[in-house]
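Chemist: Could you have a look at this structure, given as structure tokens, before my questions?
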Amino acid sequence: METVINIFLTFLGVYFLIGILFGIFFLFKAPKIDPLMADSKKKVRFLLFPGVIATWPFLIGKLFKSKTA
Amino acid sequence: MALDYKLVIWNSFKKQYDKLIVAGMLLYIIVFAVLTFVFNSETSVETLIIRAFGSLAIIMLHIVLVIGPLSRLNEKFLPILYNRRHLGVSMFLAAFIHGGFSMFQFHALGDVNPIYSVFTSNMDYNSLSNFPFQVLGFLALLILFAMAATSHDFFLSNLSAKVWKRLHMMVYLAYALIIAHVFLGAFQQEASLFSVSLMALGFITISSLHLRAAFKERKIDRAKTIVEEGWLEVCSIDDIEEDRAKIFTVNKERVAIFKYDGKLSAIHNVCKHQGGPLGEGKIIDGCVTCPWHGYQYLPHNGQSPPPFTEKVATYQLKLKNDIVYINPEALAEGTEVKPVDI
């Protein structure tokens, strides 16, 4: 059981760490993910920060899609 | 409908609701504290906070979960549905305070990482009577965090409505984890018949309301239509109220047929915003207006009025002897269809 717990918590830690790094990228480059962010107030980016950490795999996917489009 | 993202979308109505939420939460905490000190004066402040915010979060979660089916059963509840997002975030904050204080009091004072300690301080995972119930609360809190953190139109738009909806449907998994957390944990330590009964009553209420709402929806899906030369006979013209719609299931899709200004138009029933039932809304200022958050579409082409860009599918209609017929083939989203004159 301890192995399962260790794997789960390591996964959780890595997930949130990447999320935080992506969140910092988002704070500066949010319009690259959604052009509507360009006209939105900067405070909105901070409000969205926790959600970006939680959903970074989806947003990274969107970022790559918009780059290849 | 917006051209940028707002911090919080507030109007005077929503502000009133939010004040009510804050006042209700404060009142509950005060009453809980007073009752605890009167009847159980030995309770420590930390324990009081853990119990007060934990029970508050559970009550709020029940309210969040009954709003959906209630508003489907009775449109008078729709205004509460509009504010469910703020109620959900407030519920997460209450749960977060409960979880944060619990972790601090029981896991943060040793030399082990508090989160690791939640999972490993009690390894009795095979026992029902001594199950490490805090793990279940932690997992529920993770789900509630993801939901609260993505309760913004930015995520609805960027995760896609499908992913966003799936993520937020996880509230039922969180609810199941919380029920197990409460039954295996708090009731293990201090079995209170009153608390057990209250939780059971809450579960029965939520389940029965969801079942009733599901039966109501099933009626719409099972409504019979008659085929005539590729057109489906759906209803009489008198069955549809002025500036309102009647919903039918056509080719496994829900379609709303609106009657307005002496005309009829049909559009897909699902709003592009959060999947709200457009057919339960009304025509306001010439636009179909979603009852959930006020997103609007022109009935003859399914397009949001400029500068907005949302579009839904449209359908062809015909009227013969006051009977409404629909072509079951959906047209591309935003396709203009000449309304049928009544």
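The values are calculated or read from the model by the stated rules, or taken from the named source; none is laboratory data. If you're wondering where the values come from, they're calculated on a predicted model, not measured in any experiment. Here the Cβ is made from the backbone with ideal geometry for all residues, glycine too, and neighbour counts use every protein chain on show.
Chemist: If you go through segment A:14-59, how many residues are touching a helix residue (DSSP H, G or I) at 6+ places or on another chain (Cβ under 8 Å) and farther than 28 Å from B:L93 by Cβ?
Modeler: Counting residues in segment A:14-59 that are touching a helix residue (DSSP H, G or I) at 6+ places or on another chain (Cβ under 8 Å) and farther than 28 Å from B:L93 by Cβ gives 3.
Chemist: If the requirement is being closer than 21 Å to B:K162 by Cα and of a type in the set (G, A, S), which of these qualifies: A:G23, A:G51, A:G19?
Modeler: From the options A:G23, A:G51, A:G19, the qualifying one is A:G51.
Chemist: Still on this structure: Which helices (runs of 4 or more DSSP H) does segment B:150-228 wholly contain that include 2 or more residues that are farther than 30 Å from A:G61 by Cα and either at pLDDT 85 or above or assigned by TED's automatic domain parsing to the domain that holds B:V66 (or both)?
Modeler: The qualifying helices (runs of 4 or more DSSP H) are B:171-181, B:193-222.
Chemist: From the list B:V196, B:V171, B:V135, B:V182, which residue is more than 30 Å from A:A54 (Cα to Cα) and β-branched (V, I, T)?
Modeler: Being more than 30 Å from A:A54 (Cα to Cα) and β-branched (V, I, T) holds for just one of B:V196, B:V171, B:V135, B:V182, which is B:V196.
Chemist: Restricting to segment A:28-44, name every residue that is surrounded by fewer than 19 Cβ atoms within 10 Å (Cβ to Cβ) and under 13 Å from B:F155 (Cβ atoms).
Modeler: Within segment A:28-44, the subset surrounded by fewer than 19 Cβ atoms within 10 Å (Cβ to Cβ) is A:28-29, A:31-32, A:35-36, A:38-39, A:41-43.
Passing the criteria: only A:L36.
Chemist: Sort out which residues of segment B:286-304 are at pLDDT 90 or above and in contact with a helix residue (DSSP H, G or I) (Cβ under 8 Å, 6 or more places away or on another chain), and write them in order of number.
Modeler: B:V288, B:Y297 - these are the residues of segment B:286-304 that are at pLDDT 90 or above and in contact with a helix residue (DSSP H, G or I) (Cβ under 8 Å, 6 or more places away or on another chain).
Chemist: Could you list, in sequence order, all residues of segment B:267-285 that are at pLDDT below 85 and part of a strand (DSSP E or B)?
Modeler: The answer is none; no residue qualifies.
Chemist: Does segment B:121-151 hold any residues that are more than 10 Å from chain A (Cβ to nearest Cβ) and among the small types (G, A, S), and which are they?
Modeler: B:S121, B:S127, B:S129, B:G137, B:A140, listed by residue number.
Chemist: So which of B:V8, B:V34 ends up being within 25 Å of B:S197 (Cα to Cα) and surrounded by fewer than 19 Cβ atoms within 10 Å (Cβ to Cβ)?
Modeler: From the options B:V8, B:V34, the qualifying one is B:V34.
Chemist: Go over the candidates B:V112, B:V89 one by one and state the one that is assigned by TED's automatic domain parsing to the domain that holds B:L209, among the β-branched types (V, I, T) and in contact (Cβ under 8 Å) with a residue 60 or more places away in the chain.
Modeler: Testing whether each residue is assigned by TED's automatic domain parsing to the domain that holds B:L209, among the β-branched types (V, I, T) and in contact (Cβ under 8 Å) with a residue 60 or more places away in the chain leaves just B:V89.
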